[in-house]
Amino acid sequence: MKATAIANANVALIKYWGKRNEELILPFNSNIGITCDGLTTRTTVEFSTKYNSYKDHQIIINDEEFNRDEKNVQGQLDRIAGIAGVELKAKVVSETNFPVAAGLASSTSGFAALTLAACEALGLKYSPRDLSILVRQGSGSATRSVMGGFVLWNKGIKPDGTDSFAEELFDKHYWPEFRIIATILNTKKKSIASRAGMSQTVQTCPYFNSWVTSTEIDLLNMRKAINNKNFKLLGETAEFNALKMHATMIASKPAIIYWNSSTINIINMVYKMRAAGIEIYFTIDAGPNVKILCLKKDEIQITKVLKSLKEVIGTISCSLGDGVRLTSEHLF
Ligand code: PMV
């Protein structure tokens with residue numbers, strides 16, 4: 001009845017922004033992300049037993065009672081209990097080693113770990129592909145955290161979502177020099193959750209269709225870049241795609257601007273270092289924090305420059321990591 005899982009956050013290089021089906025969480029675009037070894041969530045789930053009976057789901061994240069996106073977490077627990085044919089409530093304790101809900105992809109590792117731990121606690125066994133379909137119904141981008149390394153989330157075309165799953169393109173050993181450095185600028189929770197922001201963008205951004213069609217081209221370029229380990233093409237494509245995603249948010253009504261002045265300062269720092277000949281690119285998700293894409297040879301120098309900026313509270317340097325997995329080290 002109790003199980004624990006560990007998952008790493010998956011940061012998108014080609015973004016998912018917009019659902020063709022909100023209920024089943026089906027994206028307009030296939031997207032690609034990297035599972036990062038340094039951004040980790042561990043989650044223990046225990047469903048009621050005759051010794052411990054829970055009247056409602058109890059969710060504790062980083063020692064705090066959870067009160068944001070609670071419905072999505074509870075919904076996922078109820079979904080899994082429903083599949084197992086029980087009506088039990090659960091206690092969930094989760095720990096992450098990075099700020100939650102600040103645009104650092106915490107929902108990816110969070111929902112992947114929650115789903116695997118809850119399934120295991122109720123004796124449900126899934127293949128990684130089928131697990132990714134179940135994770136997807138809790139949080140879209142978390143689909144990718146089921147696998148390690150470079151991960152593709154296939155958009156699928158079927159209305160029931162059975163062909164919208166994650167696929168490992170290359171595992172964590174594929175590109176040992178690859179680095180992604182998460183900069184922590186502002187640990188405050190974001191003002192608008194990505195779920196609401198995404199829905200508003202689909203409904204009100206006049207460029208939304210262009211985002212969808214042009215992302216198909218970015219996806220092809222990204223696959224080519226990864227296949228050939230072409231870091232320049234990877235970085236340029238990731239930046240282009242991230243900035244286009246933010247452009248759709250800014251052009252929605254009312255405008256959604258996740259950036260702050262620190263975000264712009266880091267972007268300028270990246271441009272400056274690139275002009276000086278360093279291979280450095282960035283990507284940004286639904287929050288002000290910037291993730292730096294670079295190679296091992298430049299990691300120390302880039303980290304030093306980042307840490308010298310007054311707005312940078314911390315950095316987390318990541319290589320490619322593993323997909324979600326079980327552990328016997330429970331949190332309670
Ligand atoms: O899955 P959500 O609702 O947390 O949305 C995530 C969206 C982005 O992080 C902005 C992009 C992505 O593909 O991860």
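Looking at the structure I just gave you, is residue 280 touching a Cys at 6+ places or on another chain (Cβ under 6 Å) and at pLDDT 95 or above?
Details: touching a Cys at 6+ places or on another chain (Cβ under 6 Å): yes; at pLDDT 95 or above: yes.
So residue 280 fits the description; yes.
Between 320, 306, which is in contact with a Cys (Cβ under 9 Å, 6 or more places away or on another chain) and closer than 13 Å to residue 179 by Cβ? Give the steps one after another, and end with the answer.
Values: 306 fails: in contact with a Cys (Cβ under 9 Å, 6 or more places away or on another chain).
Criteria check complete, one pass: 320.
Given the conditions (1) more than 14 Å from the ligand (Cβ to nearest atom); (2) open to solvent by 10 Å² or more (accessible area, probe 1.4 Å); (3) within 13 Å of the chain's Cα centre (by Cα), which single one is not true for residue 169?
Residue 169 satisfies all of (1) more than 14 Å from the ligand (Cβ to nearest atom); (2) open to solvent by 10 Å² or more (accessible area, probe 1.4 Å); (3) within 13 Å of the chain's Cα centre (by Cα) except (3).
Checking residue 155 against (1) open to solvent by 20 Å² or more (accessible area, probe 1.4 Å); (2) within 14 Å of the ligand (Cβ to nearest atom); (3) without any contact (Cβ under 8 Å) to a residue 60 or more places away in the chain: exactly one of these is not met. Which one?
(3)
Open to solvent by less than 10 Å² (accessible area, probe 1.4 Å), within 22 Å of residue 16 (Cβ to Cβ), of a type outside the set (S, T, N, Q) and at pLDDT 95 or above: which single residue out of 117, 112, 81 fits that description? Reasoning before the result, please.
Numbers: 117 fails: within 22 Å of residue 16 (Cβ to Cβ); 81 fails: within 22 Å of residue 16 (Cβ to Cβ).
On inspection, the qualifying residue turns out to be 112.
Would you mind telling me which numbered condition in (1) more than 23 Å from residue 303 (Cα to Cα); (2) crowded, with 22+ Cβ neighbours inside 10 Å residue 182 fails?
(1)
Do the conditions hold for residue 13, that is, is it surrounded by 24 or more Cβ atoms within 10 Å (Cβ to Cβ), not aromatic (Phe, Trp, Tyr) and not in a helix (DSSP H, G or I)? Give the steps one after another, and end with the answer.
Numbers: surrounded by 24 or more Cβ atoms within 10 Å (Cβ to Cβ): yes; not aromatic (Phe, Trp, Tyr): yes; not in a helix (DSSP H, G or I): yes.
Yes.
Per-residue answers, yes or no, for (1) open to solvent by less than 10 Å² (accessible area, probe 1.4 Å); (2) more than 25 Å from residue 214 (Cα to Cα); (3) in a helix (DSSP H, G or I):
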{"residue": "247", "(1), (2), (3)": "no, no, yes"}
{"residue": "253", "(1), (2), (3)": "no, no, no"}
{"residue": "264", "(1), (2), (3)": "no, no, yes"}
{"residue": "270", "(1), (2), (3)": "yes, no, yes"}
{"residue": "278", "(1), (2), (3)": "no, yes, no"}
{"residue": "301", "(1), (2), (3)": "no, yes, yes"}
{"residue": "305", "(1), (2), (3)": "no, yes, yes"}
{"residue": "312", "(1), (2), (3)": "no, yes, no"}
{"residue": "316", "(1), (2), (3)": "no, yes, no"}
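Name the residue that is least open to solvent (accessible area, probe 1.4 Å), counting only residues in segment 190-237 that are part of a loop (DSSP other than H, G, I, E, B) and among the basic types (Lys, Arg). Write out each step before concluding.
First, the residues of segment 190-237 that are part of a loop (DSSP other than H, G, I, E, B): 190-193, 205-207, 228-230.
Filter once more, keeping what is among the basic types (Lys, Arg): 190, 229.
Working: 190: 37, 229: 91 Å².
Out of the qualifying residues, it is 190.
If I ask for residues that are among the hydrophobic types (A, V, I, L, M, F, W, C) and surrounded by 18 or more Cβ atoms within 10 Å (Cβ to Cβ), which ones from segment 318-330 would you list? Don't jump to the end; show me each part of the working.
Residues of segment 318-330 among the hydrophobic types (A, V, I, L, M, F, W, C): 318, 320, 324, 326.
Correct list: 318, 320, 324.
The values are calculated or read from the model by the stated rules, or taken from the named source; none is laboratory data. For clarity, every value in this text was computed on a predicted model and none was experimentally measured. We place every Cβ from the backbone using ideal geometry, glycine too, and count neighbours over all the protein chains shown. SASA here: full protein model, heavy atoms, side chains in, ligands and nucleic acids out. Shrake-Rupley method; radii C 1.70, N 1.55, O 1.52, S 1.80 Å.
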